Structure formats: C-alpha cells, structure tokens
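J.: Shown below is the structure under consideration.
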Protein chains: 4
Amino acid sequence: MKNNKPKYKLIIDAAVDVIAENGYHGSQVSKIAKKAGVADGTIYLYFKNKEDILVSVFEDKMGQFIEQIATATSEKDNANEKLYTLIEMHFSQLAANHHLAIVTQLELRQSNLSLRQQINRVLKPYLGVIDGIVKEGIEEKLFRNDINIPLMRQMIFGALDETVTNWVMNEEKYDLVGLTPHVHSLLIKGISTD
Amino acid sequence: MKNNKPKYKLIIDAAVDVIAENGYHGSQVSKIAKKAGVADGTIYLYFKNKEDILVSVFEDKMGQFIEQIATATSEKDNANEKLYTLIEMHFSQLAANHHLAIVTQLELRQSNLSLRQQINRVLKPYLGVIDGIVKEGIEEKLFRNDINIPLMRQMIFGALDETVTNWVMNEEKYDLVGLTPHVHSLLIKGISTD
Amino acid sequence: MKNNKPKYKLIIDAAVDVIAENGYHGSQVSKIAKKAGVADGTIYLYFKNKEDILVSVFEDKMGQFIEQIATATSEKDNANEKLYTLIEMHFSQLAANHHLAIVTQLELRQSNLSLRQQINRVLKPYLGVIDGIVKEGIEEKLFRNDINIPLMRQMIFGALDETVTNWVMNEEKYDLVGLTPHVHSLLIKGISTD
Amino acid sequence: MKNNKPKYKLIIDAAVDVIAENGYHGSQVSKIAKKAGVADGTIYLYFKNKEDILVSVFEDKMGQFIEQIATATSEKDNANEKLYTLIEMHFSQLAANHHLAIVTQLELRQSNLSLRQQINRVLKPYLGVIDGIVKEGIEEKLFRNDINIPLMRQMIFGALDETVTNWVMNEEKYDLVGLTPHVHSLLIKGISTD
DNA sequence: TATGAATGAGGGTTCATTCAT
DNA sequence: AATGAATGAACCCTCATTCAT
C-alpha cells in the first residue's frame, strides 16, 4: 500500500541523500523530514520507526538492484556468462550511484544487529541468484561438482562486497567496472597456475 | 584476593565480554568498568575516551591474531601451504574465541567512520601477510603471474571475512574450521572444472 | 488549567527563582525545567544552551530595569534631578524584587568570562544613560567640566553596585531606598567640607 | 603553623599563576600541584580543600596588600592625604602585579557564595582602614560630619574596585595609577560645580 | 611527610517519538 | 492526512578527594 504513495518515495530518496551526505549517525529523522519536505510527524505515517526507514531504503534500492541483475543474468546462456554479468552489473550499478554506494557499503553497516539482520533478509534473493548460477554451472558441468554451494556463494559475495567497499573507501579513485574480468577470472580459475 | 592483572588488560578483556553480550550500542562505559572491577573514572586513566577502548580492543586482540598467523605461515615451505595455514588459523582462532568473533565480525562494524579507519589501520599488517603469500606464490610459479595482487588480496580477505560473518550470524551452528579445505580449494583452483 | 504564559517567559521566570533559591552552581537545567513546568528538552527549543538561559534572564530583566530608569530620568528637568532619580530607581527596583537582586548582585557574577562579557554588553545602555546625565550636567554647568566622563560613570556605577551588593549580603536588613539622598549627596558634593 | 612551611608558599604562588593563566574554572587542583612541583595529595596536607587554597591565596596576597596600604596611610598627616595615598597604592599595587589583578578582579569572583563570604572577611581590615580615614577626616573637619560612614566606605571601595575591574577588562591598556588624582578629586569634591 | 593511582558522583544535551490540533 | 511543539530517557567524562604505600 504505502509503496504507491508519492510521500513514501520522497522520504526514501531523501534518506539516501541525507545518509550519504551526513553519515549514519548524522542522519536524524528531522533532517530526513526536512529534505523530503514533510513534517517530522509525517514520517511516522509511512514508517513504523527510524529503523523502518533504513530497512525500506535498502528494500527499495536493493530490490531494483537485484531485479536488474536477475533479469540480465537470466538472458545469458550459461553459468559462466551469467557470473560475468552478475559481477559486471554489481559493480556498474554501484559505480553509477555514488550515494547508494556510500550508504550500502559504509553507512548502513553502522547499524545495530536487528537492522543488519533485516538487511540480510533483503539480500536473500540476491544470494539466491548467486546460488542459482552456481547450481546451473554444476549442472552444465562448467563448475566443479564437489563444491559446497553456500560456501561458494559466500565467497563470491564476499569477494564482490570487499572489492566494492575498498573502492568506496579509496574514494572511488579507480575504475571499478574495469575490475570485472579479473574478478571473474579469479573466481572461475582460482589463483593456481595448473 | 585482589586481581593482579594490570588494569589496562582487565579493561580490554571486560570490553570484549561486555560488547559481545550487550552489543556495541548497549556497551556503556560504566558497564565495562563494572565488569572490569574498576571505577568509571579509572577507565580514563588508561584510555583517552570510549572510542579509544574499542580501538585498543581491536589492536590488542587482532595484534595477537595477526602475529600468530604470521608466525605459523612463515614456518610453511610454499605459498600454497601458507595460504592453507592462514585460512585454517583465521578460522580456528575466531572459532576458539566466541566473544572475540562476535565483536570483530558484528559489533565493531557498527562504529563510525573514524573508528573504522583506525580498524583498517590495524588490519594493514594482516593484509600485508596475505600480499606476501600471493607474491611468493607467483615467484614460486604456484600462482598465476597475471593476477592483480591487491585485488586478489581483497578477494581472499573478503571470502574469509564473509565466511566467518555468516558463521557467526548463523549462531556458529556448524564447524567453521572444517570449511578450510573447501575454501582453500576454491581460492586455489576456482570454481571452474577445467 | 494550563498556563497561558509563553514558554520562553515561563522559563526565564523559573530561572530567576531557581537561581535565587539554589545559587548559580545549584541550578541544574532540569531544576529550571521542573519549576517552569516543562520538559528538560523544551528548554532547548527556546534557548541555545544553559548559558543562553542566564544571558537571557539578564537581558530580559535588566532590559526592563534599564528602560524604566531611562524613561523616568528623561522626564526630569536637569542632570541633578536625573541623577537622583537614577539612584532612587536603581535601588527601588532591586529592593522590590528580592530574587532578582540576589541573581544580579551575587549569582550571575559567579559565571565564566564569556557570560560576564555578555552581561557587560547588556549593561552598556545603562552606562550610556549615566554618561548622558553626566554630559548634560556639564552642559548645564551643574557639574564640573574637568571630569573624566568614563571615570565618573565607573564611580557612579561602582558606588551604586557596591551599595546594593552590601545590602543583599547583609540580608537586606536595612532600607536600601532610604540611602538615596545620602548617596546622591556624596556623589554630587563629595566628601569634603569645603 | 602552615604559613612557615615553604611548600605552603609554593602552592599559594602556583595557585595565583595557574588561576591567572587558566581562569578560575580551568584551575584544577592537579594543575596547581604540578606547577608547585608537589603531588596532588600533598596539597591536602597543607589545605583543607580546594576552596581553602583560594581563600588562602586571598588571605596571603591581600594581607600584604592591605598591610602596605595601612602602613603608608598611617604615615600621612591628614585624612585627605591618606585617602590620596590609599587610592594611589590600591591602583599601583594591582597595576604592578598583573596576575594578582586578574585573579582578584575577575577570577575569584566566579566562586561560590561561601568563598565570596570568606573573601569579604579577608577584606574587612581594608574596609576598616577606609572607615578610619573617613572618621579621621570628620574629626579633622576636613570631611562633612553628616555622612553615613559605612555608606561612604562602600562608595569609596566600590569606586576603586569598579575602576580597577574596568581597567583589567580593558586589557590594562591605559595608566591606572594616573587616574589617582581624578578619582581622589571626585570622591573629595563630588561632581558638582558649587 | 609525601606520593599518585584510584575513586565515583554529577549534569548538560540530543533526538526518536508522540499527540493535540 | 499532516503538522511540529513537546517530551524525557539516556550517557560520557571530569576532577576534587582519598588512602595504601
């Protein structure tokens, strides 16, 4: 219901900007309300509490993020290409959205455990996409069949996430998307020479 | 009767326990002082402020953590074995210290940027150890010579970190150390069948 | 039932009472809030910080004090009568307001330099009134033309201030306003017999 | 007893310097101890508490101040000259001792009521000296015999004190001692032309 | 006498949330 | 639906004083 309201969207977008500009701890509800052009109290007509705003930011933005990746990978023919596309889009979407990258990689991690768990819940479908690619790769005999799928998924996600975080913390000074083939190659072939 | 441990150590150890039990935001200085058996004011004879306690916890505990790994890996003969040992010890040390694992993987990440940057500073030597192993592997021709070392290091660290975080968030229900050969294998050989 | 006074005024009046009763250092913000019948946080909707309450008390109360004196003296015909009126009103206004007298003569002086300088700023117009009377007296040839005006103003203010402070410190046991003719006479004619 | 100890003196002198340099509220006991070259605890072998240090500073320094003035005035032949000498020495002693002037005129006034009352006790003898001069002047028929002596004393002290305070607050930019004849003249002859 | 490590009470201020309008 | 004034709980840190040595 609330997703259809324009104010809901106004507040979500204001929250991303405010958090990116002021940091997690500098983002008071009143500041978000001001940026969104609504009264403080209005926030509570659309969100249960402050944490709900943050979760909703993540749901909303990551929802789109994940959907884009899910759609794009589904159009590829094999697991190898799908993984490449996933990496490329993971990087390109965050590289294209400065504020969102700061919020997801740095600011939202400063939240309490409860929020972190809800964020993980939002990430579940993305992890599902990765799982699907790995499974498909095994079926296609492109990937080894002795791998622990959840573990592989963690490694892929951990590698991408750490790469993006480092890029953000280094003030986005280099070309993130350009790392795609290297990351893909390392995940596919590993580090070994043989 | 009295505790002979130096107060500095008492406070560090108390902080780990209190943070693990109450979470980052539930860890008031007074709670740490009480657990350490000292007065609130005594904390400030040994630490500049609350953030300094947290940084010191990380420096102290991670300092040992890193040193153990550095020593153990240096005793191995080649990069392959060194990487295996690094993974195994990374997992085993955190698996052996429940509270420390919670603090490093979950609670300390909820901190502000300033603290995060200090934490990264402490991690530098560990990243240096990983870099060293990768370089050595290339020299030994065990590892491919076309890999981007900082990227590889990020992927290794990201994979280990994500694996431990997931283990902690899943309430440590499975055997973390047992994942060592799988993680090692994936990093070394990648996911591909050929 | 509810108090219709604006909160700003409620807090100012509460502050005068609380400071007079508890002393400067015994006047916690929470005590002032309680006396004013508002929440602690409400104070900060009307005042920047605690010091701002104190400055505002002085501005508000002394503003009225000074205006009364300025108006009354302007209605007198010559500098001599104006000086008499100034002394009389200076004494009578403080004698009529027990709490205000304690606050201005004793408590507000226990403040830090920054507050003291702001208090001096508020007093400026009063010192200007005194200067004006002295100048007028010189023009009217009632007062000597060889006097240093700032010095004379300091002496007049110092004499009045010291007289009121002594009266307050002696628990207001005698008639302050009754001293008017003596103080006036001493300022006008000096101590000498010739 | 304690007055004979060198450490007592060391601490008193350190206190004057520390207060003049750091202000009343910036003068922690530990800072005074450090400046005096003794341990914090040693302070409490010579002084009951912090307030006692401050009272003792005033007793010690003002004791000398008053004694000098009492001696010098007693050597003059009539009340008129004695008053002149008192003003001159009041100004010159404070003008000669920058730190002491700051402490007596500004910093010590930021103290609580109890300390202020003790300071007044120390000032009593000085007020007695002024009283004596006024009485003598009346007896010598140099001064009017209809004046209220305590009031006159307040006015004299108030005038001198206000003059010195203004000089200190104006960063001692002009010649304080040079004001002596003007202040004397105003006190003796008043402001009137006749 | 002298030390200085240890104590612990005390308070200004912020900000998420509410509710009367 | 919308407002925004009002609420009040929560907490880090300082520093005068003590006391075991």
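The values are calculated or read from the model by the stated rules, or taken from the named source; none is laboratory data. For clarity, every value in this text was computed on a predicted model and none was experimentally measured. Glycine also receives a Cβ, built like all others from the backbone with ideal geometry; neighbour counts cover every protein chain displayed. Each accessible area value is taken on the protein alone, full model and side chains, heavy atoms only, with ligands, DNA and RNA left out. Shrake-Rupley method; radii C 1.70, N 1.55, O 1.52, S 1.80 Å.
J.: Looking at B:Gln28 and the list (1) within 13 Å of DNA strand F (Cβ to nearest atom); (2) within 19 Å of A:Arg109 (Cα to Cα), which single condition is not satisfied?
T.: The number of the failed condition is (2).
J.: Residues of segment B:93-104 being in a helix (DSSP H, G or I) and within 18 Å of B:Gln68 (Cβ to Cβ), which ones?
T.: Residues of segment B:93-104 in a helix (DSSP H, G or I): B:93-96, B:98-104.
Across segment B:93-104, the qualifying residues are B:Gln93, B:Leu94, B:Ala95, B:Ala96, B:His98, B:His99, B:Leu100, B:Ala101, B:Val103, B:Thr104.
J.: Kindly indicate the residue of segment A:15-39 that is hydrophobic (A, V, I, L, M, F, W, C) and within 11 Å of DNA strand E (Cβ to nearest atom) and also most open to solvent (accessible area, probe 1.4 Å) among those meeting that condition.
T.: Let us first name the residues in segment A:15-39 that are hydrophobic (A, V, I, L, M, F, W, C), namely A:15-16, A:18-20, A:29, A:32-33, A:36, A:38-39.
In the following step, the residues that additionally are within 11 Å of DNA strand E (Cβ to nearest atom) were identified as A:18, A:29, A:32-33, A:39.
Details: A:Val18: 5, A:Val29: 25, A:Ile32: 2, A:Ala33: 0, A:Ala39: 60 Å².
So the residue we want is A:Ala39.
J.: I need a count of the residues in segment D:113-124 that are in contact (Cβ under 8 Å) with a residue 24 or more places away in the chain, surrounded by fewer than 18 Cβ atoms within 10 Å (Cβ to Cβ) and over 11 Å from the mean Cα position of the chain (by Cα).
T.: The qualifying residues number 1.
J.: List, please: which pairs have Cβ atoms under 7 Å, are six or more places apart or on different chains, and start with a residue in segment A:29-55 that is within 14 Å of A:Lys7 (Cβ to Cβ) and modelled with pLDDT of 95 or more and end with one that is within 13 Å of DNA strand F (Cβ to nearest atom) and acidic (Asp, Glu)?
T.: Once the first residue is within 14 Å of A:Lys7 (Cβ to Cβ) and modelled with pLDDT of 95 or more and sits in segment A:29-55, its partners that are within 13 Å of DNA strand F (Cβ to nearest atom) and acidic (Asp, Glu) give A:Ala33/A:Asp40.
J.: Say whether the condition of being farther than 27 Å from C:Ile138 by Cα and within 14 Å of another protein chain (Cβ to nearest Cβ) is met by at least one residue in segment C:51-68.
T.: Checked against the condition, which is being farther than 27 Å from C:Ile138 by Cα and within 14 Å of another protein chain (Cβ to nearest Cβ), segment C:51-68 yields at least one hit.
J.: Among the residues of segment B:105-125, write down those that are of a type in the set (Gly, Ala, Ser) and part of a helix (DSSP H, G or I).
T.: Let us first name the residues in segment B:105-125 that are of a type in the set (Gly, Ala, Ser), namely B:111, B:114.
B:Ser114, the sole residue that qualifies.
J.: Given the criterion at the interface with chain C (Cβ under 9 Å from one of its Cβ atoms), without any contact (Cβ under 8 Å) to a residue 40 or more places away in the chain and under 26 Å from C:Arg121 (Cα atoms), identify the matching residue among D:Gln110, D:Gln154.
T.: Numbers: D:Gln110 fails: without any contact (Cβ under 8 Å) to a residue 40 or more places away in the chain.
Result: D:Gln154 is the single residue among D:Gln110, D:Gln154 that is at the interface with chain C (Cβ under 9 Å from one of its Cβ atoms), without any contact (Cβ under 8 Å) to a residue 40 or more places away in the chain and under 26 Å from C:Arg121 (Cα atoms).
J.: C:Leu142: open to solvent by 40 Å² or more (accessible area, probe 1.4 Å) and modelled with pLDDT under 95, yes or no? Before the answer, list the steps.
T.: Working: open to solvent by 40 Å² or more (accessible area, probe 1.4 Å): yes; modelled with pLDDT under 95: yes.
Taking the combined requirement at face value, the residue satisfies it.
J.: So, in segment A:92-105, how many residues would count as being within 12 Å of chain B (Cβ to nearest Cβ) and buried (at least 19 other Cβ atoms within 10 Å of the Cβ)? Don't jump to the end; show me each part of the working.
T.: Initially, segment A:92-105 is screened for residues within 12 Å of chain B (Cβ to nearest Cβ), giving A:102, A:105.
After this cut, where a residue has to be buried (at least 19 other Cβ atoms within 10 Å of the Cβ) as well, the list is A:102.
Here the count works out to 1.
J.: Next question. Keeping to segment B:147-193, report how many residues are at pLDDT 90 or above and part of a helix (DSSP H, G or I).
T.: 32
J.: Listed residues A:Lys76, A:Lys82; which is among the basic types (Lys, Arg), more than 8 Å from chain B (Cβ to nearest Cβ) and either in a helix (DSSP H, G or I) or crowded, with 19+ Cβ neighbours inside 10 Å (or both)? Write out each step before concluding.
T.: Working: A:Lys76 fails: either in a helix (DSSP H, G or I) or crowded, with 19+ Cβ neighbours inside 10 Å (or both).
The unique qualifying residue is A:Lys82.
J.: Right, next: What is the one condition in (1) farther than 27 Å from C:Gln110 by Cβ; (2) in the same structural domain as D:Tyr8 (by TED's automatic domain parsing) that D:Ile19 does not satisfy?
T.: (1)
J.: For the structure I just gave you, tell me whether A:Tyr8 is farther than 14 Å from A:Thr104 by Cβ, away from DNA strand E (no atom under 15 Å from the Cβ) and assigned to a helix (DSSP H, G or I). So that I can check it myself, show each step before the final result.
T.: Numbers: farther than 14 Å from A:Thr104 by Cβ: yes; away from DNA strand E (no atom under 15 Å from the Cβ): yes; assigned to a helix (DSSP H, G or I): yes.
The answer is yes for A:Tyr8.
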